[in-house]
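The values are calculated or read from the model by the stated rules, or taken from the named source; none is laboratory data. Predicted, not measured: the structure shown is a model, and the values here were computed from it. Because the Cβ atoms are built from the backbone with ideal geometry, glycine has one as well, and the counts that use them run over all protein chains shown.
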Amino acid sequence: MPPSPSDAPALDRLACLAGRSWHVVDLPGGLTNTNLRVRNDDGLDPLDVVVRWSRADVELLGIDRDAEHDNTTAAYRAGVGPEVLEYRPDLSMMVIGFLTGNALEDADFGDPDVLRRSADAVRRLHAGPRFTGDFDMFARQAGYLEVVRDNGMSLPPGYADHAAAWADVRRALAAAPRPTVPCNNDLLAANYIDDGERVWLIDYEYSGNNDACFELGNTTTECSFTEDQIDAWCEAYFGDPTPADRARVRVQALCSQYGWSLWGFIQEAASPLDFDFHAWGMERYDKAEATFRGGGLPRLLDQVASGG
């Protein structure tokens, strides 16, 4: 199980906290971590940090903590992520600077200024230093599917019915390949921190070099964008998006839905947390199935494959 604030004495083993007087607050969220905000009360140099204390049982999810550390550091160098102050893999802890601002909610993206600041943050991340490791949702989905089947975990009826269409999606994206860029790959609303002037991006558990349009599409589906919001998002990021840009973002949203839904079904069977992972997975799978069966996918794939 993840640790809780009652386990806080163990934090004394961190170099940045050893010998100091401090207090800790459990931050909300985190399905594979406990996130603790720690501030000093000893009158010495101000200290305001977040300790990300991770579970050890994340192998089924394909999380690489060393890569998470490397890529959080790279995001900081890009001017878009928190500073890494200490990394202790022996303690399953990483200490990062606390970012002042508000974690976004889905509805916040209805504000054009928030949308613009968020797109700017994503663009800065993508222009920053290369990440450790690559992220390919097709490989990830295949790996997750193998985990589900090898461990007798349940899938929604009809999941496998879309295998042929999934292969079509992969071919269309490969027909007009794009250079990969450093991507967070898990940019739900709460991973955008807005201070009113700029947006920061947090949580690099699944980070890796990837197609920028996966990043963009992932946010559109995680934050339940309308069609108009998707178009505004593309314009905020690209400036003057082509039909292929707009289609690629929508197709990559489908990739996010179909692939990440399996994360929920694995967690449903494996996680000790009291959280409805089945509903989480089904929400994403239902969106994917609607696109697979909706009739508009062939046209999107044609636009993607055209590259123009």
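Can you find a residue that is in contact with a Gly (Cβ under 6 Å, 6 or more places away or on another chain), of a type in the set (Val, Ile, Thr) and either within 20 Å of Ala163 (Cβ to Cβ) or surrounded by 19 or more Cβ atoms within 10 Å (Cβ to Cβ) (or both) anywhere in the range 282-299? Within the range 282-299 (the criterion being in contact with a Gly (Cβ under 6 Å, 6 or more places away or on another chain), of a type in the set (Val, Ile, Thr) and either within 20 Å of Ala163 (Cβ to Cβ) or surrounded by 19 or more Cβ atoms within 10 Å (Cβ to Cβ) (or both)), the answer is no, since none of the residues qualifies. Determine if the range 154-161 includes at least one residue that is among the polar types (S, T, N, Q) and either touching a Gly at 6+ places or on another chain (Cβ under 9 Å) or under 19 Å from Val304 (Cα atoms) (or both). Within the range 154-161, not a single residue is among the polar types (S, T, N, Q) and either touching a Gly at 6+ places or on another chain (Cβ under 9 Å) or under 19 Å from Val304 (Cα atoms) (or both).
Suppose we filter Thr220, Thr226 for residues that are buried (at least 16 other Cβ atoms within 10 Å of the Cβ), within 21 Å of Tyr192 (Cα to Cα) and among the polar types (S, T, N, Q); which single one remains? Quick ask: steps written out before the conclusion?
Numbers: Thr226 fails: buried (at least 16 other Cβ atoms within 10 Å of the Cβ).
Among Thr220, Thr226, only Thr220 is buried (at least 16 other Cβ atoms within 10 Å of the Cβ), within 21 Å of Tyr192 (Cα to Cα) and among the polar types (S, T, N, Q).
If you filter the range 68-92 down to residues that are among the hydrophobic types (A, V, I, L, M, F, W, C), more than 16 Å from the chain's Cα centre (by Cα) and not in a strand (DSSP E or B), you find that the one that is modelled with the highest pLDDT is Ala78. Of the set (1) modelled with pLDDT of 95 or more; (2) farther than 17 Å from Pro177 by Cα; (3) over 21 Å from the mean Cα position of the chain (by Cα), all apply to Leu301 but (2).
Restricted to the range 25-48, and to residues that are outside any loop (DSSP other than H, G, I, E, B), buried (at least 16 other Cβ atoms within 10 Å of the Cβ) and over 21 Å from the mean Cα position of the chain (by Cα), which residue is modelled with the highest pLDDT? Full working, then the answer.
Step one: list which residues in the range 25-48 are outside any loop (DSSP other than H, G, I, E, B), which gives 25-27, 33-40, 48.
Then drop every residue that is not buried (at least 16 other Cβ atoms within 10 Å of the Cβ), which leaves 27, 33-36, 38, 40.
So of that shortlist, the ones also over 21 Å from the mean Cα position of the chain (by Cα) come out as 38, 40.
Numbers: Val38: 92, Asn40: 85.
Checked the range 25-48; the qualifying residue modelled with the highest pLDDT is Val38.
If you go through the range 189-206 and keep only what is more than 16 Å from Asp106 (Cβ to Cβ), modelled with pLDDT of 95 or more, surrounded by 19 or more Cβ atoms within 10 Å (Cβ to Cβ) and touching a Ser or Thr at 6+ places or on another chain (Cβ under 8 Å), you end up with just Tyr204. For the structure I just gave you, tell me whether Val147 is at pLDDT below 95, part of a helix (DSSP H, G or I) and surrounded by 16 or more Cβ atoms within 10 Å (Cβ to Cβ). Against the criterion (at pLDDT below 95, part of a helix (DSSP H, G or I) and surrounded by 16 or more Cβ atoms within 10 Å (Cβ to Cβ)), Val147 qualifies.
Considering (1) free of Cβ contacts under 8 Å to residues at least 40 places away in the same chain; (2) outside any helix (DSSP H, G or I); (3) not hydrophobic (A, V, I, L, M, F, W, C), the lone condition that Thr220 does not fulfil carries the number (2).
Output the helices (runs of 4 or more DSSP H) that fall wholly within the range 238-308 and possess 2 or more residues being outside the structural domain of Glu222 (by TED's automatic domain parsing) and in contact with a Leu (Cβ under 6 Å, 6 or more places away or on another chain), or say none.
Output list is empty.
Taking the stated definitions as given, is Arg149 assigned by TED's automatic domain parsing to the domain that holds Leu216, within 16 Å of the chain's Cα centre (by Cα) and farther than 24 Å from Ile193 by Cβ?
Working: assigned by TED's automatic domain parsing to the domain that holds Leu216: yes; within 16 Å of the chain's Cα centre (by Cα): no; farther than 24 Å from Ile193 by Cβ: yes.
It is false that Arg149 is assigned by TED's automatic domain parsing to the domain that holds Leu216, within 16 Å of the chain's Cα centre (by Cα) and farther than 24 Å from Ile193 by Cβ.
Specify which of the listed residues (Ala142, Ala190, Ala160, Ala165) is under 28 Å from Met282 (Cβ atoms), part of a helix (DSSP H, G or I), touching a Phe, Trp or Tyr at 6+ places or on another chain (Cβ under 6 Å) and hydrophobic (A, V, I, L, M, F, W, C). Walk me through how you get there before you give the answer.
Details: Ala142 fails: touching a Phe, Trp or Tyr at 6+ places or on another chain (Cβ under 6 Å); Ala190 fails: touching a Phe, Trp or Tyr at 6+ places or on another chain (Cβ under 6 Å); Ala160 fails: touching a Phe, Trp or Tyr at 6+ places or on another chain (Cβ under 6 Å).
Residue meeting the stated conditions: Ala165.
When you check Ser154 against the structure, is it among the hydroxyl-bearing types (Ser, Thr, Tyr) and under 13 Å from the mean Cα position of the chain (by Cα), yes or no? The answer is no for Ser154.
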